[in-house]
Amino acid sequence: MNISQLRAFVMVVEQGTFSGAARAMHLSQPAVTMQVQALEADIGATLLDRGYRKVELTEAGRMLLPFAKRVLEEIEEARDEIANMTGRVTGRLELAASTTPGQYILPGLLGKFLKQNPEVGVSIKIHDTAEVVEAVEEGRAHMGVTGAQIKGARATFEQLGSDDIVMICHPDHHLATAKNLTVGEVAREPFIMREVGSGTRIVVEEVLRSAGVDPGDLEVVTELGTNEAIVNAVEGGMGVGAVSTWVVDKALELGTVVPVPLPHFPVNRPLYVVTPRGTMTRAADAFLEHLREHLG
């Protein structure tokens, strides 16, 4: 039994498939399969039931999983202690981010961070805001970045940087040239919304409520999983939508969509770094300082 085998086993459980674990570990699927098979041979028991779509833990696997996680956590703690002695930043950094920061903000910041700390291995998983917070709470991510807070979350939110949400429509839409619009008038239009749990949707619904509009009364023609999809739908004339300026700037420059001249928009929303309430790893601490330096 070795650390690589335990790491492969835990990753397969967390990802639900061997292919997902292989992507997360930047290995081939056969390599991950061989690691798990070698662990099963050493243990003398089958740990995973290989289903068509998803693997499931056997009784032996359920028994081994908490021990495997504990070993991996203690290895990381040992690495952090040694790194503290030498002043180096090493180890894994598991990040979770909502769509806009995960696709548009973090990659550039990570590039600079990794040049300074080449011994850190990083992965980013994109989720909606609620799932990002959940990943940090459950220890599946060392840190998260979102565009909204979740009330009652068992995590810490620190505001770093901001983002603008703009309401957009097709250039030929009657709202494009309307004067003295109210939120109530726009709320009667067909709406294209992000999915429930998205930070963008949370912010937009808060603005609507503050203007006296119940979000439940909107005519939502479709819910989409990314801001890019909303821009495409608005370009196709499906209705109005609200998206981050990080995403829509190019379309605005090209004139394929236009901003709706509406009070309350653009909405400046804070970006939040989500951290666990317990002790963080050295790599997570270092990256948090990096974010404070470049976003704060």
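The values are calculated or read from the model by the stated rules, or taken from the named source; none is laboratory data. As the structure is a prediction and not an experimental result, all values here were calculated from the model. FYI the Cβ positions are ideal-geometry reconstructions off the backbone, even for glycines, and counts take in every protein chain you see.
Would you point out which residue out of Val183, Val240, Val220, Val213 is among the hydrophobic types (A, V, I, L, M, F, W, C) and crowded, with 21+ Cβ neighbours inside 10 Å?
Val240
From Val89, Val71, grab the single residue that is touching a residue at least 60 places away in the same chain (Cβ under 8 Å), part of a loop (DSSP other than H, G, I, E, B) and surrounded by 14 or more Cβ atoms within 10 Å (Cβ to Cβ).
Only one candidate qualifies: Val89.
For Leu106, only one of the following conditions fails: (1) in a helix (DSSP H, G or I); (2) aliphatic (A, V, I, L, M); (3) more than 21 Å from Glu293 (Cα to Cα); (4) within 12 Å of the chain's Cα centre (by Cα). What is its number?
The failed condition is (3).
Of all residues being surrounded by 22 or more Cβ atoms within 10 Å (Cβ to Cβ) and among the hydroxyl-bearing types (Ser, Thr, Tyr) in region 108-166, which is farthest from Thr245 (Cα to Cα)? Just the residue, please.
Thr129
Taking region 266-296 on its own, how many of its residues are touching a strand residue (DSSP E or B) at 6+ places or on another chain (Cβ under 8 Å), at pLDDT below 90, over 21 Å from Asp164 (Cβ atoms) and not hydrophobic (A, V, I, L, M, F, W, C)?
3
Matching residues to (1) surrounded by fewer than 20 Cβ atoms within 10 Å (Cβ to Cβ); (2) at pLDDT below 90; (3) among the small types (Gly, Ala, Ser):
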site	(1), (2), (3)
Asn2	yes, yes, no
Ala8	no, no, yes
Ser19	yes, yes, yes
Ala24	yes, yes, yes
Val36	no, no, no
Leu39	no, no, no
Thr46	yes, no, no
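Go over the candidates Leu160, Leu175 one by one and state the one that is farther than 23 Å from Gly296 by Cα, touching a helix residue (DSSP H, G or I) at 6+ places or on another chain (Cβ under 8 Å) and of a type in the set (A, V, I, L, M).
None of the other options fit; the residue is Leu175.
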